[in-house]
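Asks: Here it is, the structure, as structure tokens.
The values are calculated or read from the model by the stated rules, or taken from the named source; none is laboratory data. Small disclaimer: the values here were computed from a predicted structure and weren't measured. FYI the Cβ positions are ideal-geometry reconstructions off the backbone, even for glycines, and counts take in every protein chain you see.
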Amino acid sequence: MAFNTQHAGEDVLAGAEGAPLAEDAAARKIEGRSPWRLGFERLRRDRAAMISAGVICFIVLIAIFAPVVAAITGHGSNQQFYAPVGLSPEGQPLPPSSRFWLGTDTLGRDVLVRIAYGARVSLIVGLVATVMTVTIGAIVGLAAAYFGGFVDSVLARFMDWLLAIPFLLLAISLVTVIGPGLTVLIIVIGFLGWASVGRIVRGQVLSIREKEYIEAARSLGAGPWRIMFIDILPNVIAPIIVYTSLLIPVTIVAEASLSYLGVGIPAPTADWGQMISDSQSVYQYGAWWYLVFPSIALLVTTLAFNIFGDGVRDAFDPRGDQLFV
């Protein structure tokens, strides 16, 4: 009995010592995770965001391998097929078939191939113009909030002026004066959209510019630009990343809207907005595919980016719903 009692006491003691050890191990495991790692883990558990990421990857692959799609079908992006191959005897587009999987357009071109090449334009404009917008907005927002005073007043009023002007009206005016083109479109969209990013960054910097570590950096003789980009920017990078993910679909829709209105990507370059605009003259005569398929491509792309952006916001910035309303 004494032997059993002694072992029982040892077991109890081991269990009592093991519980704190287990708790310490769990605590160390939690402490070892950075905010970025926790954000990625939350994002990975978001099923809708992961499905959207898969859709985005598929669209990116379609854009990259658009020449492969053209090679498989045997049709170039601007290759025209006349009646009776690519057009009906009446000169109307042909419906989907084994030769033209998504039908043809008003000039007898393969809609599938042009959608694949149009994805290139939408993604290039969406990504490059968004990076340009976020870069300008982040720099201006940082400078306005950090320097304050006259600099803040001037930059804040300039941001208010940009936000007060209707985007499409100003973009149409600028593109009409300069001339349509991919580079012009990227510059116009990127320049006109930075004010909203600047407002968000400015608000974030105003809330942290008087923190103790910023004062410590000043007392050590750090310059303003070093403080802005080394000490402040890393602490506001999460809202910037969140807003970037939500801004990409807005930029894609803006590009498609300008092309739809005839001041975007010039013909014959394949573009979703231009295809939707061109289909208006024939879809009421039965050529529904020419309107439906480019519209679905635009809808799926923007919806996937929006859902993924919502997932990024929930994962990396829990207060994002207060910032981006």
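Asks: Have a look at R226, R199, R157 and point out the one that is under 20 Å from the mean Cα position of the chain (by Cα) and either charged (D, E, K, R) or modelled with pLDDT under 85 (or both).
Replies: Values: R226 fails: under 20 Å from the mean Cα position of the chain (by Cα); R157 fails: under 20 Å from the mean Cα position of the chain (by Cα).
Unique residue meeting the criteria: R199.
Asks: Residues of the range 154-169 being free of Cβ contacts under 8 Å to residues at least 60 places away in the same chain and not β-branched (V, I, T), which ones? Outline the logic, then answer.
Replies: Of the range 154-169, the ones free of Cβ contacts under 8 Å to residues at least 60 places away in the same chain are 154-166, 169.
Within the range 154-169, L155, A156, R157, F158, M159, D160, W161, L162, L163, A164, P166, L169 meet the criteria.
Asks: For Y213, indicate whether it is at pLDDT below 85 and either in the same structural domain as T251 (by TED's automatic domain parsing) or not in a helix (DSSP H, G or I) (or both). Explain how you work it out, then say what you get.
Replies: On the way: at pLDDT below 85: yes; either in the same structural domain as T251 (by TED's automatic domain parsing) or not in a helix (DSSP H, G or I) (or both): yes.
Criteria met by Y213.
Asks: Anything in the range 35-56 that is outside any helix (DSSP H, G or I) and either at pLDDT 90 or above or outside the structural domain of G309 (by TED's automatic domain parsing) (or both)? List them, or say none. So that I can check it myself, show each step before the final result.
Replies: From the range 35-56, those outside any helix (DSSP H, G or I) are 46; that's our starting set.
Scanning the range 35-56 gives no hits.
Asks: Determine, yes or no, whether V242 is under 30 Å from R47 (Cα atoms), β-branched (V, I, T), in contact with a Phe, Trp or Tyr (Cβ under 7 Å, 6 or more places away or on another chain) and assigned to a helix (DSSP H, G or I). Outline the logic, then answer.
Replies: Numbers: under 30 Å from R47 (Cα atoms): yes; β-branched (V, I, T): yes; in contact with a Phe, Trp or Tyr (Cβ under 7 Å, 6 or more places away or on another chain): yes; assigned to a helix (DSSP H, G or I): yes.
Considered against the rule, which asks whether it is under 30 Å from R47 (Cα atoms), β-branched (V, I, T), in contact with a Phe, Trp or Tyr (Cβ under 7 Å, 6 or more places away or on another chain) and assigned to a helix (DSSP H, G or I), V242 comes out as yes.
Asks: In addition: Which one of the conditions (1) at pLDDT below 85; (2) under 17 Å from the mean Cα position of the chain (by Cα); (3) among the aromatic types (F, W, Y) does Y243 fail to meet, given that it meets all the rest?
Replies: (1)
Asks: Give the range 81-106 a look and list any residue that's in contact with a Gly (Cβ under 9 Å, 6 or more places away or on another chain), closer than 24 Å to F65 by Cβ and surrounded by fewer than 17 Cβ atoms within 10 Å (Cβ to Cβ), or say none.
Replies: P96, S97, R99
Asks: Taking the condition free of Cβ contacts under 8 Å to residues at least 40 places away in the same chain, of a type in the set (S, T, Y) and assigned to a loop (DSSP other than H, G, I, E, B), does S77 pass?
Replies: Values: free of Cβ contacts under 8 Å to residues at least 40 places away in the same chain: no; of a type in the set (S, T, Y): yes; assigned to a loop (DSSP other than H, G, I, E, B): yes.
The answer is no for S77.
Asks: Would you mind telling me which numbered condition in (1) in contact (Cβ under 8 Å) with a residue 60 or more places away in the chain; (2) in a loop (DSSP other than H, G, I, E, B) A267 fails?
Replies: Here A267 clears every test but (1).
Asks: If you check F65 against the conditions, is it within 33 Å of the chain's Cα centre (by Cα), among the aromatic types (F, W, Y) and either modelled with pLDDT under 95 or surrounded by 15 or more Cβ atoms within 10 Å (Cβ to Cβ) (or both)? Give the steps one after another, and end with the answer.
Replies: On the way: within 33 Å of the chain's Cα centre (by Cα): yes; among the aromatic types (F, W, Y): yes; either modelled with pLDDT under 95 or surrounded by 15 or more Cβ atoms within 10 Å (Cβ to Cβ) (or both): no.
Taking the combined requirement at face value, the residue does not satisfy it.
Asks: Take the residues in the range 215-243 that are β-branched (V, I, T) and under 30 Å from D310 (Cβ atoms); name whichever of them is surrounded by the fewest Cβ atoms within 10 Å (Cβ to Cβ).
Replies: Initial filter on the range 215-243 (β-branched (V, I, T)): 227, 230, 232, 236-237, 240-242.
In the following step, the residues that additionally are under 30 Å from D310 (Cβ atoms) were identified as 232, 236-237, 240-242.
On the way: I232: 24, V236: 21, I237: 15, I240: 20, I241: 18, V242: 24.
Once the filter is applied, the top-ranked residue is I237.
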